[in-house]
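Data block below; observations after.
The values are calculated or read from the model by the stated rules, or taken from the named source; none is laboratory data. Source: prediction; values computed, not measured. Positions of Cβ are backbone-derived with ideal geometry, glycine not excepted, and every protein chain shown enters the neighbour counts. Only protein heavy atoms, including side chains, enter the accessible area calculation; ligands, DNA and RNA are left aside. Shrake-Rupley method; radii C 1.70, N 1.55, O 1.52, S 1.80 Å.
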Amino acid sequence: MRKAQVYRWQIPMDAGVVLRERRLKTRDGLFIWLKDGEAEGWGEISPLPGFSAETLDEAQAATIAWVNAWRAGADLSLPEWPSVAFGLSCALAELNDELPQEADYRAAPLCTGDPDELFAVLQAMPGDKVAKVKVGLWEAVRDGMVVNLLLEAIPDLHLRLDANRAWTPLKAQQFAKYVNPDYRPRIAFIEEPCKTRDASRVFAQETGIAIAWDESLRETDFTFTAEPGVKAVVIKPTLTGSLQKVREQVAAAHAQGLTAVISSSIESSLGLTQLARIAAWLTPQTMPGLDTLNLMQAQLIRRWPQSELPCLGQENLEPLL
């Protein structure tokens, strides 16, 4: 006999988390729990404000409609909203024992402000030193100086940068001007430096700094193509859709010789542990981008290893069915 529940949750965020000029005070989302006989599965549905096409209320309505039909015995196709399709597909994959348990809990530490905080983390990091720096939030010249300082101070460091299409071509060049050309090969890639794909391509060709596609993956005219200067694609499953679609995108990227990076959309600890399992399964050679838990003030249901944040249980969730 099938059983299911949909829960709504809210986690306070650390002060200072800004997404597309919007301060994110709480992270809100849904959990879906499915049970069929002795098997059960969980999934997270948490549209990211400013990035997801759907609102949380739209995702909730679609989720409840799907769950009610599933409990009644129907086997429906997944809803179109990406966050809903992803969360439901994860719950079904757990239910059917199709999501491997092995997880990649490595995370490229995220530098959102003071670079001194990153130094301490990197000095203690065993093996490959890979970190992520958000750029484009401040002046491009400052970003260039910070990146140059990090690469100069830690000779075995490789950086992933994320600009979220913040720069004009002029600002992108101002950034590059302050990064020593000898250090540029240690920039693994910069995600979407410019407002258009063509401008980003020109930036890569003129500076020798590799780029990665992120937002472009969700545009209708995007195709996975090997291009000069393009090194990687960043796949955010909550913004992508079902597990099947995520698998297809990873396969398409690998077929073109591109690195595929599984990345967070600021999911809860439950969602992040599932992303770590997906990364170990689909991109085992590539460190995922999952270092967002510390932006929150608590974990939910499942713990992230080594996190000291309190973990809240099912009793802290709001059941909707």
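The figures follow:
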quantity: In the chain, lysine pairs closer than 23 Å at Cα, eight or more apart or cross-chain; calculated: 24
quantity: Solvent-accessible ranking of L312, L110, largest area first, probe 1.4 Å; calculated: L312, L110
quantity: Amide hydrogen neighbours beyond the local backbone of C111, cut-off 5 Å, H modeled; calculated: K132, V133, K134
quantity: 0 to 90° range, to nearest 10: angle between helix 243-255 axis and the chain longest Cα axis; calculated: 30
quantity: Full-stretch length increase - Q256, V18 - with 0.36 nm per residue and alpha-carbon distance subtracted; calculated: 82.3 nm
quantity: The range 264-281 versus the range 90-107: alpha-carbon centroid distance in Å; calculated: 9
quantity: Computed Rg/Rh of the chain, alpha carbon atoms with Kirkwood Rh; calculated: 0.97
quantity: Estimated [θ] at 222 nm from DSSP helical runs (n ≥ 4, -39500 (n - 2.57)) normalised by residues in the chain, nearest 500; calculated: -10000 deg cm²/dmol
quantity: For the range 35-167: Kirkwood Rh in Å [reciprocal of mean 1/r, alpha carbons]; calculated: 18.3
quantity: Between 0 and 90°, nearest 10: helix 140-153 axis offset from the chain longest Cα axis; calculated: 90
quantity: Proximal charge balance of A61 [Cβ under 13 Å; K/R count +1, D/E count -1]; calculated: -3
quantity: M296 long-range amide H proximity, modeled H, under 5 Å; calculated: D14
quantity: Shape parameters for the range 116-163, alpha-carbon atoms, Rg then Dmax in Å; calculated: 10.8, 32
